[in-house]
Structure formats: C-alpha cells, structure tokens
Amino acid sequence: MDVQATTPLDPRVLDAMLPYLINYYGNPHSRTHAYGWESEAAMERARQQVASLIGADPREIIFTSGATESNNIAIKGVARFYRSRKKHLITTQTEHKCVLDSCRSLEAEGFQVTYLPVQKSGIIDLKELEAAIQPDTSLVSVMTVNNEIGVKQPIAEIGQICSSRKVYFHTDAAQAVGKIPLDVNDMKIDLMSISGHKIYGPKGVGAIYIRRRPRVRVEALQSGGGQERGMRSGTVPTPLVVGLGAACEVAQQEMEYDHKRISKLAERLIQNIMKSLPDVVMNGDPEHHYPGCINLSFAYVEGESLLMALKDVALSSGSACTSASLEPSYVLRAIGTDEDLAHSSIRFGIGRFTTEEEVDYTVEKCIQHVKRLREMSPLWEMVQDGIDLKSIKWTQH
C-alpha cells in the first residue's frame, strides 16, 4: 500500500528485459558489430515507447538514472545554459525534495528563485504564477501529481501561461506518467521528468523529455562520451531502458482500466474508513486528485504510532525520501495543515496490483488501531468531554 514510494516490476516488463540481461549484452553504442546493433535497436524501440506515452518525438527522450537525475538536468541545465540573460526561476513549495534542493543549489550560484505557496487545496494560484514571472525568468517547474497528497496541478493552464510569456515549463511527472493522460504538445510542456520504478518498471532508470521545437537547450551535468545527444554521457543500460519502454507501453494499454479500478478501490478505502471513524481529514483537493494516492489525517493519533501498529501493511507518513526525519511533512505544512494533524497523517497508495482483500484488510486494521490508540490518548478523552483543545494554555515543565 505504498506504491508512491515504488511499484513491483510488472511480469510483462521482466519478460521484455530478460533477453538483454543474458543473450543480447552488446554495448548499444558499439558501431562495428551485431551485438551493438541489436542493443541499439532495442534502445531506440524503448525510446519510441516512452515518447508515444506522452505524445513526444523519440528524439526528444533522453534516458537517465531516474526522475531525480532528470529533475537535476532540467532545472540546473536550463538555468545554467541561459544564465547570461536570465537569472530567475519559479517553483512551488510542495515540490519533491530533489527539485527544491536543485533550486537551493542554484541560489548559492547567484540565481533568484521564487517558491510559490499553494492554496489549502494544494493547488497553486495561477494569478500568483503570472505575477511572479519576470523578464529574466528562464524556467517554471511545477510537478504534475504530488507524491504525498496526490493533488493534480492545472498543467495545461500553466503551460499556456509559460508559453505566452516565453518561459520554459518543466514538470516532474514521476507520479503521473502512465497513470493519467499526458500530452506534451497539448499541455505545452517543454521538459518532463519520468521515473521507471513508479510505473511498474525497473529501478535505476528514468527519462527526461526535452522539447526540440522550439528548441530547449540545457547544459549537461555529466561529461563523457557524449551519449544521449551530449546531454547525458555514459553507456545506456540496455536492459533497464528496455524495461522502461515496456512499462510505458503496458501503461498506455492499461491506463483507462487501471484508473477505473484504482478509483473504485480508493473510494472503498476512503468511505469505509470515514464511516467507521470520526475526525478523519483527507488532505489535498478531493476534485483535482489522482485517486491512487490518499493522504488521511487521523486526529488525536500519532502517525508514527499508527504506522508501527500497522506493521504488516506497507504504508508511510510522507515521502520515502524524507521518511527518516521526524519533522512533519513540509507538503502538509504548505497546505496549512495544523502541526498536530500533520503529525497524524498516513499516505495510502493503491496501484495496478492492489487487491480488494488488501484494501479491506488495511481498512479493518486501521480502524481497529486508531480506536485503540485514541482510547489511550488523553487528548481524545478531553475532546469527548467537550473541551476545546485550542483554548487550553499548556504550561512547560
């Protein structure tokens, strides 16, 4: 139940990969023999499969090691290439850590970054975005689907604004590719980050889409043999990109079916929890939302205690990348969630291989343990006695 962190490998993806792990082991950049040509053909077929999923040209797809590297290339690459005339970037406060950290490192290089706040729903205010664009803005980076609360940003509208103001638009679509329909031309997206292991493909591989017309230039982060149009040197790992390509093809075929099924299971999970437990809040906009990512706050229950109690269910209280810290999620803080509710939030993920039985088991255990933990909570007892916790002046000992 933690498919936002990673997904299992689809067996069809493994089948596509196996030959390239065993028999066809040539370097796809070897030009002088059949081993290289076979691998190169497989790599180009995978490029076509990725491009087809997002409506791009295969020449616009660059293979990387994952969405973190893609985000780094997009943000640092564009900023540094256009640094002589443009020194300003715009992103949001709820982006993934690797986007925020890339922006922080650019600030240390002298760039100016605007971190747009989000509304209570988790969605940015388009008027604020328009107002933030300056004559020297080179890039706007806004994620498609948030990895903690599942909120969908109005990507097509943002693309329209950026295109009319001649600013490049990058979106981190790791949680959206293959799950909701995306078209880089209709949505006027200039750069897009893609991850393999979020779409039932292998770990350690991803891609970045970089528009060719009008051409977006990026400064490469990695020097070397000039593979991937000079933007990402290093031998392309054929078995991994074949897996990414196969995962994209399967996702394209099954997107509609998966979406319907996941929506039904999500509905079942939310309704069954909400009808059995009072004081449960769903975080993020319920309308503009990807159904497979559900973030619930259980008032008067410590999220970490609930995770420990539900130890036979894989859940999380936020992003896996920052799960070692006990700080409440910065995404929940950005949408204005109270500190105590932020600490009591759990993220439920529903994916292609999640079953009805797993959902029902999770719901049952969750209700059981929330009730038990609330019984032990003095705060819950006070609330039941009609005391308004906000009105209490706590003293420090």
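The values are calculated or read from the model by the stated rules, or taken from the named source; none is laboratory data. Here the structure is a predicted model, which is why all the values come from computation and not from measurement. Cβ coordinates were reconstructed from backbone atoms using ideal geometry, including for glycine residues, and neighbour counts include every protein chain displayed. Just so you know, the surface numbers come from the protein's heavy atoms only, side chains and all, with ligands and any DNA or RNA stripped out. Shrake-Rupley method; radii C 1.70, N 1.55, O 1.52, S 1.80 Å.
Some observations on this one:
- Residue check for F348: exposed (fewer than 14 other Cβ atoms within 10 Å of the Cβ) and at pLDDT 90 or above: no
- Residues that are in contact (Cβ under 8 Å) with a residue 40 or more places away in the chain number at least 3 in the following strands (runs of 3 or more DSSP E) confined to segment 240-359: 293-298, 345-349.
- Exclusive hit being open to solvent by 40 Å² or more (accessible area, probe 1.4 Å) and either without any contact (Cβ under 8 Å) to a residue 24 or more places away in the chain or closer than 29 Å to V167 by Cβ (or both), set P214, P237: P214
- The condition (being among the aliphatic types (A, V, I, L, M), under 23 Å from the mean Cα position of the chain (by Cα) and in the same structural domain as G178 (by the TED database)) is satisfied by just one residue among A42, A56, A16: A56.
- Residue tally, condition at pLDDT 90 or above and either part of a helix (DSSP H, G or I) or open to solvent by 100 Å² or more (accessible area, probe 1.4 Å) (or both), over segment 360-397: 25
- Y200 meets the stated requirement of being touching an Asp or Glu at 6+ places or on another chain (Cβ under 7 Å) and either assigned to a helix (DSSP H, G or I) or crowded, with 24+ Cβ neighbours inside 10 Å (or both).
- Within the option set F63, F81, being open to solvent by 30 Å² or more (accessible area, probe 1.4 Å), closer than 25 Å to L191 by Cβ, among the aromatic types (F, W, Y) and under 27 Å from the mean Cα position of the chain (by Cα) holds for one residue only, F81.
- Extreme residue, most open to solvent (accessible area, probe 1.4 Å), among residues of segment 1-44 that are of a type in the set (D, E, K, R) and more than 30 Å from N147 (Cβ to Cβ): R31
- Segment 209-239: number of residues that are under 24 Å from the mean Cα position of the chain (by Cα) and in a helix (DSSP H, G or I): 1
- Verdict on S316 being closer than 30 Å to L116 by Cα and either over 22 Å from the mean Cα position of the chain (by Cα) or polar (S, T, N, Q) (or both): yes
- A314 meets each of the listed conditions (1) crowded, with 20+ Cβ neighbours inside 10 Å; (2) in contact with an Asp or Glu (Cβ under 6 Å, 6 or more places away or on another chain) apart from (1).
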